[in-house]
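S.K.: Quick one: structure below, then a few questions.
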Amino acid sequence: MRFCPLVLLATALTAAAADKPATSAALWAEYAKNPNAHSHVPNCSFAGYRYSEVPLPEPKVVANVKEAGAKGDGKADDTAAFDAAIKKAAAAGGGAVLVPAGTYLVSAPIRIHASGVVLRGEGAEKSVIAFEKSLSDALGKLGAGGGNLQWSWCGGLVWVGPGDVFDAAGKLTVKDGDVQSWEYWRPGAKLADVKGPAKRGDLTVTVDPAAAKKLKPGLVMMAWDNPADLSLLLQMAGHEKMKEYDWAKATGLTGRNRWDWPVEIVKVEGGTVTLKQPLRVDVRPEWNVRFEDLGPCVTEAGVERLTLRMKPHKLPAHLKYAGWNGVYLNRAAHCWVRDVTIENADNALTHAAAKNTTVTGLVVRGGENHHATALRVGSHDNLITKFRIESKPFHGINTEYLSAGNVWNDGVMVHGTFDSHRAMSFDLLRTNIVLEANDGRPGGAGGAGPFLGARVVHWNLTLRDAGKDPGLYVNQPDAHSLGALVCVRGPRCAANAWAMVPGDKGCLVIDEPKEPAIKDLFQAQLDLRLKGGK
């Protein structure tokens with residue numbers, strides 16, 4: 001008997017349409033049955049400091065910038081006092097550096113290179129750090145070719161991360177033209193090969209029992225080879241239709257030979273290794289998955305209860321920014337930024353190779369800027385919550401370069417958009433956010449690959465001023481491969497998405513006239529895991 005393929009296809013499509021959940025409640029019920037391996041909704045409940053299982057800590061004060069000589073009068077240069085107080089806290093094994101009420105002028109970046117050190121003000125309205133020099137002025141211009149400056153997208157005047165990119169005199173060791181590569185994780189020696197197979201969503205993997213002796217509970221690096229057959233990238237891309245992407249031009253992805261995912265080992269028994277969180281992608285023999293030493297990383301550091309004020313300045317031509325940048329979290333894990341206001345920044349808050357950080361109570365003010373927030377180069381499981389963007393970013397809240405597991409929730413954006421600088425971030429949530437004016441735009445070099453990867457979910461969003469391109473990037477099904485748009489109030493963009501294969505890629509679209517019963521998907525996922533034992 002011969003079958004008509006068109007009939008079979010029509011039958012399959014009809015069945016698929018019937019299987020799609022019609023309401024947010026139905027989708028949630030479907031997710032809750034198997035949260036680690038849902039086809040469209042990723043489990044992002046592990047995002048944030050210590051997996052959002054405990055409140056942010058309150059380490060005791062061990063140093064005070066005024067006791068170290070700072071005046072806080074808005075006139076004297078207090079740079080040396082900040083440096084001395086931070087070194088004192090580092091020598092004590094960590095603790096808070098108090099910045100009492102006042103305005104402190106500084107002329108160089110404030111660098112936190114030791115774990116456990118927290119820069120703490122007495123409140124954003126009381127403790128103000130006023131920066132007198134940009135990164136270009138303080139550290140020198142860092143070129144990126146074509147007259148562009150790397151400070152346009154990286155570095156910060158409060159720099160949290162290992163000090164291995166600075167020499168003993170505090171000078172940057174990174175060279176002109178060494179674009180982006182210095183920001184990545186720097187893993188160490190291989191500890192054990194991971195035997196396949198294992199599936200996305202699994203919590204255990206296997207290794208040779210002899211090699212398992214090198215493993216112990218704690219944070220390590222899992223690394224996957226990125227083979228020429230694109231099989232790893234295609235799983236991250238999601239829908240079968242993404243095979244049609246012009247991958248030959250995506251050299252920013254195909255030219256990097258590995259994908260790094262820091263993860264905590266909970267238990268090792270024989271050859272079985274239990275992970276804290278479920279796998280984001282499969283383990284297959286051809287991907288040569290292994291455990292490695294994490295490499296240099298700062299943990300338990302924080303910046304809190306301060307205002308960081310840059311000099312007011314006119315925004316220059318795109319990518320020619322001098323580097324009036326706020327907080328930079330580079331190779332930082334289980335760190336936080338709490339109740340910080342950032343004014344007049346080119347880039348207010350940037351993650352690069354950051355893992356499980358929490359940013360809460362962030363306010364960005366002051367005219368135009370480049371990025372309000374940016375998650376770059378392999379930043380995973382970070383939480384940006386209770387934020388307010390009052391400035392006008394050229395882009396908005398950004399994610400890029402195969403970052404996964406990140407969450408933005410409970411925020412208000414007066415301007416901007418849901419930016420991706422391409423390079424296929426995947427498994428992410430944006431939920432319970434109000435966007436007043438969708439007037440930003442995405443970015444990313446032409447070789448950076450697709451706009452987004454699989455399982456990107458927008459849930460309970462309000463888009464008020466849709467701008468000249470209604471719904472673009474925020475409520476645009478064509479941008480989502482096996483993702484979901486759930487209760488996004490505002491016009492929908494029917495156009496083909498930028499930097500994606502055009503056409504239906506399995507995005508679930510669920511419209512409800514009112515707020516869904518679950519208003520914040522991240523909080524619901526977290527509650528399910530902590531209270532439901534999932």
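S.K.: Please state the Cα pair-distance histogram of segment 445-513 with 10 angstrom bins from zero: what percent is in each bin?
M.R.: Going out from 0 Å in 10 Å bins, segment 445-513 shows 22, 52, 23, 2 percent.
S.K.: Okay, moving on. For Cα pairs less than 8 Å apart in space and 6+ apart in sequence, what is the mean separation divided by the residue count of the chain, i.e. the relative contact order in percent?
M.R.: It rounds to 15 percent for the chain.
S.K.: Then there is this: I'd like to compare 515-527, 451-463, 167-179: which one has the highest average count of other Cβ atoms within 10 Å, and what's the full order after that?
M.R.: 451-463, 515-527, 167-179
S.K.: By how many degrees, 0 to 90 and rounded to 10, does the Cα axis of helix 24-33 deviate from the longest principal axis of the chain?
M.R.: The angle comes out near 90 degrees.
S.K.: Using alpha carbons only, how many angstrom separate the centre of segment 76-149 from the centre of segment 292-349?
M.R.: 10 Å
S.K.: Taking the beta-carbon count within 10 Å as an exposure proxy, list LEU139, LEU275 from fewest neighbours to most.
M.R.: Sorted ascending by nearby Cβ count, the order is LEU275, LEU139.
S.K.: Using Cα pairs closer than 8 Å and at least 6 residues apart in sequence, work out the relative contact order for segment 111-230, in percent.
M.R.: Once divided by the residue count of segment 111-230, the mean separation gives 20 percent.
S.K.: Listed highest first by mean packing, meaning other Cβ atoms within 10 Å per residue, what order do 390-401, 145-156 come in?
M.R.: 390-401, 145-156
S.K.: Averaging sequence separations of C-alpha pairs under 8 Å and six or more residues apart, then dividing by the length of segment 190-292, give the relative contact order as a whole percent.
M.R.: This gives 51 percent for segment 190-292.
S.K.: Another question about this same structure. Which ordering of HIS113, HIS371 is given by a fewest-first count of other beta-carbon atoms within 10 Å?
M.R.: Sorted ascending by nearby Cβ count, the order is HIS113, HIS371.
S.K.: Give the order of ILE265, ILE389 when sorted by the count of other beta carbons within 10 angstrom, beginning with the fewest.
M.R.: By the 10 Å Cβ count, ascending: ILE265, ILE389.
S.K.: Calculate the length of the line joining the C-alpha centroid of segment 240-282 to that of segment 398-417, in whole Å.
M.R.: Between the Cα centres of segment 240-282 and segment 398-417 lies a distance of 21 Å.
S.K.: On the Cα set of segment 190-292, report Rg and Dmax in Å, please.
M.R.: 14.5, 44
S.K.: Can you pull the Rg over Rh of the chain, Cα-only, Kirkwood?
M.R.: Looking at the chain, the ratio lands at 0.97.
Values in this text are rule-based calculations from the coordinates and carry no lab data. All of these numbers come straight from a predicted model, not from anything done at the bench. Here Cβ is always computed from backbone atoms with ideal geometry, including for glycine, and neighbour counts include all displayed protein chains.
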